[in-house]
Amino acid sequence: MEKKKPCVVLGVTGGIAAYKACEILRLLQKRDVDVYVTMTKNACHFVAPLTFETLSGHPVAVDTFERPQTWEVEHIALAKRADVFLIAPATANIIGKMASGIADDMLSTTVMAAKAPVLLAPAMNTGMWENAAVQHNLDVLKARGVHVVAPASGHLACGDSGAGKLENVEIIVERTIELLNKKRDMEGVRVLVTAGPTREAIDPVRYISNRSSGKMGYAIAESAAKRGAEVVLLSGPVAIPAPSGVEVVPFTTTQELMEQASMRALTQDILIQAAAPADYRVETVASQKIKKQDGAPMTLRLIENPDVAAALGSAKKPNQVFVGFAAETNDVIAHAEKKLERKNLDMIVANNVMRPGAGFDVDTNIVTLITGEHKEDLPLLSKKEVAERILDCALALRSKKMHLR
């Protein structure tokens with residue numbers, strides 16, 4: 001069976017650099033990439049859709065309400081087809097729409113529906129590029145995991161000189177290829193990810209839990225699946241849609257997490273324990289709702305839960321990579337390094353949940369990746385970007401172990 005070519009959906013917006021998108025398309029085709037094009041109506045004033053149709057061999061999507069040539073919802077079909085969504089040139093207008101969640105034409109609607117990595121190659125006047133609103137919108141998109149090839153400096157079509165010129169097309173294509181290759185570098189790798197909190201019942205109504213949202217673990221599972229891995233996600237009770245292409249197995253208590261993880265761990269290549277299991281549970285769960293006692297204090301007797309990470313670490317096979325997390329409020333690195341050794345981890349992801357932009361209920365994180373050999377402090381990144389960095393490191397550790405076998 002002929003191997004399916006990787007697919008790039010190329011979005012072209014209405015800037016003078018639109019003609020360079022033709023060269024980008026041709027260079028991608030030379031790298032054995034299938035390219036589909038969607039254009040804004042303004043882009044059509046610079047390059048005719050027929051040009052892209054001839055070069056790509058596919059219809060060009062411009063009008064959201066045009067009768068489709070196949071019985072598909074066209075913007076959804078394009079979004080699903082994309083392995084990478086590249087917008088080159090990306091004007092200030094499309095950047096602003098994406099940052100604000102506006103979908104009012106074929107391109108903005110399609111990119112909003114896409115789950116593939118998105119790469120923007122901005123091109124505009126220097127004053128527009130340096131405008132605070134444009135830079136804010138780019139920061140918003142970067143925090144969501146959108147990749148950006150910053151424009152080059154040079155002589156612009158408007159006569160100005162400065163930043164804003166579309167980056168060299170070869171560089172844009174190389175960044176696109178990097179995203180395509182990165183997406184498939186985990187094919188054949190089996191990954192078990194745990195995510196979210198546990199709930200330990202007090203009575204039929206109340207429970208003990210924590211503030212874990214599950215966002216970090218879900219981001220890791222989604223990224224691993226997009227990169228080709230076979231992913232099982234053990235999920236505590238969260239309010240996040242299940243990532244596509246991932247087998248989701250629910251759990252509620254720490255003991256349930258232990259059972260599910262232990263049952264599957266030995267068949268996995270990479271284990272990532274991102275869940276936040278409760279350290280304690282109530283010794284005796286009340287069969288009926290506990291009532292107030294006229295102001296008298298209530299005592300709950302707690303007993304320790306099993307240590308899921310320690311149990312998985314003690315049973316870890318030599319060729320497996322085991323990644324744990326340390327969400328701390330003080331002495332973060334010291335506590336994390338102790339856990340790394342005590343729980344037989346290959347890597348631990350440490351973060352101070354008290355720092356703004358890190359921890360619970362946010363889409364960003366600030367972490368330190370710690371192995372037995374080095375520490376790497378990451379800046380404020382989206383949890384999607386943190387997930388990619390964690391997976392990069394896990395793959396490097398796995399490669400090293402495989403090489404030593």
Inset, instruction - Determine the equivalent ellipsoid of the stretch 290-403 by diagonalising the alpha-carbon gyration tensor, then write out the semi-axes as square roots of 5 times the eigenvalues, largest first, rounded to whole Å. - result: 32, 20, 12
Legend entry - Amide proton proximity set for Leu234, modelled H, under 5 Å, gap of 5+: Val193, Thr194, Ala195, Val249
Inset, instruction - Using 0.36 nm per residue of separation minus the Cα-Cα distance, give me the extension gain between Val362 and Asp203 in nm, one decimal. - result: 54.2 nm
Inset, instruction - Run the dipole for the chain about the Cα centre, Lys and Arg Cβ at +1, Asp and Glu Cβ at -1, nothing else charged, and hand back the magnitude in debye, nearest 20. - result: 660
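Rounded to a whole number, what % of the accessible area of the stretch 289-399 do carbon and sulfur atoms account for, probe 1.4 Å?
50
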Legend entry - Once the Cα gyration tensor of the stretch 210-285 is diagonalised, semi-axes √(5λ) in Å: 23, 15, 10
Inset, instruction - Report the accessible area of Asp346, computed with a 1.4 Å probe over the heavy atoms of all protein chains in place, in Å² rounded to the nearest 10. - result: 30
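Once the convex hull of the C-alpha atoms of the stretch 119-200 is built, how many Å³ does it hold per residue, rounded to a whole number?
Taking only Cα atoms, the stretch 119-200 has a hull volume of 93 Å³ per residue.
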Legend entry - Antiparallel bridges, percent of DSSP beta bridges restricted to the chain (to nearest 5): 30
Inset, instruction - Choose one of Pro117, Ile24, His403: the residue whose Cα lies farthest towards the positive end of the charge dipole of the chain (beta-carbon charges +1 Lys, Arg; -1 Asp, Glu; about the Cα centre). - result: His403
Inset, instruction - Against the globular-protein guess of 2.2 N^0.38 Å, express the Cα radius of gyration of the stretch 66-202 as a ratio, rounded to two decimals. - result: 1.30
Inset, instruction - Find the eigenvalues of the gyration tensor of the Cα atoms of the stretch 6-131, then list the square roots of 5 times those eigenvalues as equivalent ellipsoid semi-axes, largest first, in whole angstrom. - result: 20, 17, 14
Inset, instruction - Identify, among Ile390, Ala229, Gln135, the residue whose Cα sits farthest towards the positive end of the charge dipole of the chain, taking +1 on the Cβ of Lys and Arg and -1 on the Cβ of Asp and Glu, with the dipole about the Cα centre. - result: Ala229
Inset, instruction - Any chance you could look up the accessible area of His374 with a 1.4 Å probe, heavy atoms only, rounded to 10 Å²? - result: 80
Inset, instruction - State the answer as a single residue: which of Ala150, Leu107, Pro306 lies farthest towards the positive end of the charge dipole of the chain, with beta carbon charges of +1 for Lys and Arg and -1 for Asp and Glu, about the Cα centre. - result: Pro306
Legend entry - Added length on full extension, which subtracts the Cα-Cα distance from 0.36 nm per residue, Leu300 to Arg264: 9.6 nm
Legend entry - In degrees, nearest ten, helix 383-404 long axis to first principal axis of the chain (Cα): 80
Legend entry - Magnitude of the charge dipole, the stretch 255-393, Cβ model with Lys/Arg +1 and Asp/Glu -1, debye to 20: 480
Legend entry - Per-selection metrics, the chain (Cα): Rg and Dmax in Å: 24.5, 81
Legend entry - Cα-based helix-to-principal-axis angle, 254-265 vs the chain, degrees rounded to 10: 60
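Subtract the Cα-Cα distance of Thr329 and Asn210 from 0.36 nm times their separation in residues, and report this length gain in nm to one decimal.
41.4 nm
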Inset, instruction - Using label points projected 7 Å from each Cα along Cα→Cβ, tell me how many nm separate His155 and Ser244, to one decimal. - result: 4.6
Legend entry - Helix 332-342 axis, angle to the chain major axis (alpha carbon atoms, nearest 10°): 70
Inset, instruction - Between the alpha-carbon centers of the stretch 170-215 and the stretch 305-321, tell me the distance in whole angstrom. - result: 19
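The values are calculated or read from the model by the stated rules, or taken from the named source; none is laboratory data. Just so you know, these numbers come straight off a predicted model, no measurement behind them. Every residue, glycine among them, receives a Cβ derived from its backbone with ideal geometry; neighbour counts consider all protein chains shown. What goes into the accessible areas is simple: the full protein's heavy atoms, side chains included, and nothing from ligands, DNA or RNA. Shrake-Rupley method; radii C 1.70, N 1.55, O 1.52, S 1.80 Å.
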